[in-house]
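The block underneath contains the structure these notes are about, expressed in structure tokens.
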Amino acid sequence: MIAGRKPGCSLPRDFFVDDEIYRLDLDRIWRRSWLFVGHTCQVPEAGDYFTLEVDSDPILVIRGEDGAVRAFHNVCRHRGTLLCASDSGRAGRIVCPYHQWVYAPDGRLLGCRGMQESLDRSELGLLPVRTEVVEGLIFICLGRDPPGFEEARAELAPMLRPQGFERARVAKVIDYLVQANWKIVWENNRECYHCNVNHPQYIKANFDHYNADDTSPRIAEVLASAARSSEEKWAARGLAVTHRETGMTVFPERHWFSVNRTPLAEGYVSETMDGRRAAPLMGEYAEPDVGTLRVRAVPSFWNHSSCDHGVSTRVLPAGPRATRVRVIWVVDRSAVEGKDYRLEELLPFWQLTSEQDWSLCELAQRGVSSSAYVPGPFSTYKEYNVEGFVRWYLRQVSGE
């Protein structure tokens, strides 16, 4: 099937509907890759935890008494019972609801009443999941031999630091079950071909609905001028200067992660409906005109962050035709809801953009599920990043 796929065209039907291919995706990608799971500000104190599921694998993320954030398989070592059923909470000790085995937040087995004295408790701690934290973002890898993380840390950390995610608080979380394969969700994210018609609020604030075919001298000068003036201001303030995301930038051909700072349209200092700040400045920002920080990590994460808030989207597989999506809004930890920000001003921009996308993804899933579906050609002007994603996916799933 991979060999028969025509370059520059969408994937064949079975890649979006077949259960065997979905299981291959889990084994070759989801259980081998670094996955974004959440923000450290979701577990601010010792014993704070949240849970998630990567298909059938329940995971527990918890802050220990030593301050470290760790992840474990959310499974009792006795007979496999789910330990923490709540989405989030606080637990000084983790107690199995079935037979009351007791674990410390660092995973050690503390108690297993009713068991024989000869039992070696040291061998029955919670099964750990490799965890990395970079500037307030938590990543895990379910594989026994995870890929290196240091290159990602070196590139992400200096770009993330000014945003102050480590000094943030959660303003709102919204969960979605999108009735579409996870690859359709990512393909939608990787192009703005659909933006002009489907995201009226997004295109007012951003430039990426212009692509490689927009050769008008006026448009080219607007983009170049915005990039020049923004990068000069950012450099003067000590912020990292990066490329602007226009032209033929392809992700994720080179890495599983990508980060850049991008100018906003004139009159916008934040991705809000009116372009104005909706909350206090975050992190190290002294002025609001810092554009948007954009972070992406396949297969599980993208983020858009403005001067006053960040919006993280976590993607997890939930079957061949379903994807769990969590959208998290964070603000500076000093911000008080109702006083410093209001959700009705903070949420709509990305809530609308996200929900518009989920509707499109579900329509796409219904269409590619048809026996009449035949893969169509990608636009070389508008969908080069979709082609980049498909190439990345095929390399991963083929085991290259």
MRE, 222 nm, helices only [DSSP H, n ≥ 4, -39500 (n - 2.57), over the chain, to nearest 500]: -7500 deg cm²/dmol
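Averaging over all projection directions, find the projected area of the Cα convex hull of the stretch 251-400 and quote it in nm² with one decimal place. Could the numbers behind the result be given before it?
Values: hull surface 45.3 nm².
Result: 11.3 nm².
Decide, for the stretch 346-393, between rounded, prolate and oblate: order the square roots of the alpha carbon gyration tensor eigenvalues as a ≥ b ≥ c, take rounded if a/c falls under 1.5, and otherwise choose prolate if a/b is larger than b/c, else oblate. Could the numbers behind the result be given before it?
On the way: a/c = 2.68, a/b = 1.39, b/c = 1.93.
Note, shape of the stretch 346-393 comes out oblate.
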³J(HN,Hα) computed for each position of the stretch 18-32 - Karplus, 6.51 cos²θ - 1.76 cosθ + 1.60, integer Hz, glycine/proline x: 7, 5, 5, 5, 4, 5, 5, 4, 4, 6, 8, 10, 5, 9, 10
Candidates F72, F378, F389, ranked by Gaussian network fluctuation over the chain, Cα under 10 Å, top entry: F378
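When only C-alpha pairs under 8 Å and at least 6 residues apart count, what is the relative contact order of the chain, in percent? Please list the in-between numbers first.
Details: 770 pairs, mean separation 85.1, N = 400.
Relative contact order, the chain: 21 percent.
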Highest-MSF residue in the chain out of V102, V298, V374 [GNM, Cα springs under 10 Å]: V374
Sequence-distant residues sharing a close amide H with L83 (under 5 Å, placed H): V75, C76
Rounded to 10°, Cα long-axis angle of helix 150-160 versus longest principal axis of the chain: 60
The chain: most fluctuating residue of Q356, Q365, Q201 per GNM, C-alpha cutoff 10 Å: Q356
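As an exercise, take the mean of 1/r over every pair of distinct alpha carbons in the stretch 275-356, invert it, and state the Kirkwood radius in angstroms. Before the final figure, lay out the partial values.
Values: mean 1/r = 0.0722 Å⁻¹.
Its Kirkwood hydrodynamic radius stands at 13.9 Å.
Relative contact order (percent) for the stretch 115-188, with alpha-carbon contacts under 8 angstrom and 6 or more residues of separation?
On the way: 30 pairs, mean separation 17.3, N = 74.
It rounds to 23 percent for the stretch 115-188.
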Built amide H within the under 5 Å cut-off of D48, gap 5+: R63, A91
Selection from N385, V374, P288 lying farthest towards where the dipole of the stretch 279-400 points positive, charges on Cβ: V374
Neighbourhood net charge (9 Å Cβ-Cβ; Lys/Arg +1, Asp/Glu -1) for R167: 0
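For the chain, compute the orientation-averaged projected area of the C-alpha convex hull (one quarter of its surface), in nm².
Details: hull surface 83.8 nm².
Directional mean of the projected Cα hull area for the chain stands at 21.0 nm².
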Spacing of the two label points (7 Å from each Cα toward its C-beta) at A286 and R113, in nm: 6.0
Value of relative contact order over the stretch 63-173, rounded to a whole percent, pairs C-alpha under 8 Å and six or more apart: 21
Under-5 Å amide H pairs with S300, H placed in peptide plane, nonlocal only: F36
Backbone N within the stretch 7-32 under 18 Å of label point (7 Å from D55 Cα along the Cβ vector): 14-32
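Would you tally the net charge around H99, using a Cβ to Cβ cut-off of less than 9 Å, leaving H99 out, and scoring K and R as +1, D and E as -1? Present the calculation step by step, with values, prior to reporting the outcome.
On the way: positive: R79, R113; negative: none.
Combined, the nearby Lys, Arg, Asp and Glu give +2.
Where a number appears in this text, it was derived from the coordinates with a stated rule and is not lab data. Here the structure is a predicted model, which is why all the values come from computation and not from measurement. Here Cβ is always computed from backbone atoms with ideal geometry, including for glycine, and neighbour counts include all displayed protein chains.
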